[in-house]
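**Student:** I have a structure I would like to understand better, so I am pasting it below and will then ask my questions one at a time.
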């Protein structure tokens, strides 16, 4: 009796690489990685094993290691409700990334393509709805919604911080009110690049536009990924997203190795 053929699984990495690139974050937030090779690591190893000589080690090598000077928002990461405000969900204490429900983080993915929109544009609920209609998708509770902007194509290059669209308050609430609890973008921020928000705020003094997509988390708690990669390679739907964040006690964010999973 022939055995059933198991479907092939294809994985697409949706995460950027953390490195010493000067264009991935504003200067005060740039990550710094100090690398220690197999010779530089010898003093540490020697201190761990008194009497050990380097020539006793295979190849005269100790260990390699790295020291990281980073924030929880370095590289591809997921923001927790605590990042947005001290309260969420009608005044309840906002929870940190270590309390984000695991069942939010392995769910069907939906990609919305806004690469054609101008940098700094703030996406509205009507535009979200129109894109969902274009791709023929009806949102389901816990769908993970990924926003493809032009920023993803220039990650790590000059101009990345000012590239891409932002998702406004009403658009964010449109998703959350339909049961979405995890979203993501390949831009530096879920909101419009700060350059454009600063200009708008300077022109009219309307503070409600500052971080408006993030601040929607005061109404409904959600997880929000930033600095995703390779979204342009994904179809609109038909895949699962795995995006479990690193557990850091009551932190505002956690590092994520986000992956799209296809069963073929």
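**Student:** Out of all the residues in region 22-55, which are part of a loop (DSSP other than H, G, I, E, B) and either within 17 Å of residue 226 (Cα to Cα) or modelled with pLDDT under 95 (or both)?
**Tutor:** 23, 24, 25, 26, 30, 31
**Student:** Does residue 123 satisfy the criteria of being more than 17 Å from the chain's Cα centre (by Cα) and within 22 Å of residue 79 (Cα to Cα)?
**Tutor:** Yes: the conditions hold for residue 123.
**Student:** Still on this structure, I have one more. Got at least one residue in region 89-101 being closer than 26 Å to residue 148 by Cβ and free of Cβ contacts under 8 Å to residues at least 24 places away in the same chain?
**Tutor:** No, region 89-101 has no match at all.
**Student:** Taking only region 90-127 into account, find how many residues are assigned to a strand (DSSP E or B), surrounded by 17 or more Cβ atoms within 10 Å (Cβ to Cβ) and touching a helix residue (DSSP H, G or I) at 6+ places or on another chain (Cβ under 9 Å).
**Tutor:** 6
**Student:** Please return the ranges of strands (runs of 3 or more DSSP E) entirely within region 170-264 where 1 or more residues are at pLDDT below 95.
**Tutor:** In region 170-264, the matching strands (runs of 3 or more DSSP E) lie at 259-263.
**Student:** Then there is this: Given the conditions (1) surrounded by 17 or more Cβ atoms within 10 Å (Cβ to Cβ); (2) more than 18 Å from residue 83 (Cβ to Cβ), which single one is not true for residue 208?
**Tutor:** (1)
**Student:** Return the residues of region 128-149 that are in a strand (DSSP E or B), touching a residue at least 40 places away in the same chain (Cβ under 8 Å) and within 13 Å of residue 182 (Cα to Cα); say none if nothing qualifies.
**Tutor:** Across region 128-149, the qualifying residues are 144, 146, 147.
**Student:** Still on this structure, please answer the following. Out of the residues in region 24-46 that are surrounded by 15 or more Cβ atoms within 10 Å (Cβ to Cβ) and in contact (Cβ under 8 Å) with a residue 40 or more places away in the chain, which is nearest to residue 71 (Cα to Cα)?
**Tutor:** So the residue we want is 31.
**Student:** Next up: Here are 200, 181: which of them is free of Cβ contacts under 8 Å to residues at least 40 places away in the same chain and surrounded by 15 or more Cβ atoms within 10 Å (Cβ to Cβ)?
**Tutor:** None of the others qualify; the one that does is 200.
**Student:** I'm trying to understand the selection: among the residues of region 56-89, which are assigned by TED's automatic domain parsing to the domain that holds residue 218 and part of a helix (DSSP H, G or I)?
**Tutor:** Within region 56-89, 81, 82, 83, 84 meet the criteria.
**Student:** Only residues that are outside any strand (DSSP E or B) and either in contact (Cβ under 8 Å) with a residue 24 or more places away in the chain or surrounded by 12 or more Cβ atoms within 10 Å (Cβ to Cβ) (or both): list them for region 1-18, please.
**Tutor:** Answer for region 1-18, where residues must be outside any strand (DSSP E or B) and either in contact (Cβ under 8 Å) with a residue 24 or more places away in the chain or surrounded by 12 or more Cβ atoms within 10 Å (Cβ to Cβ) (or both): 7, 8, 14, 16, 17, 18.
The values are calculated or read from the model by the stated rules, or taken from the named source; none is laboratory data. The structure displayed is predicted, hence computed values, not measured ones. Cβ: placed from backbone, ideal geometry, glycine included. Neighbour counts: every protein chain shown.
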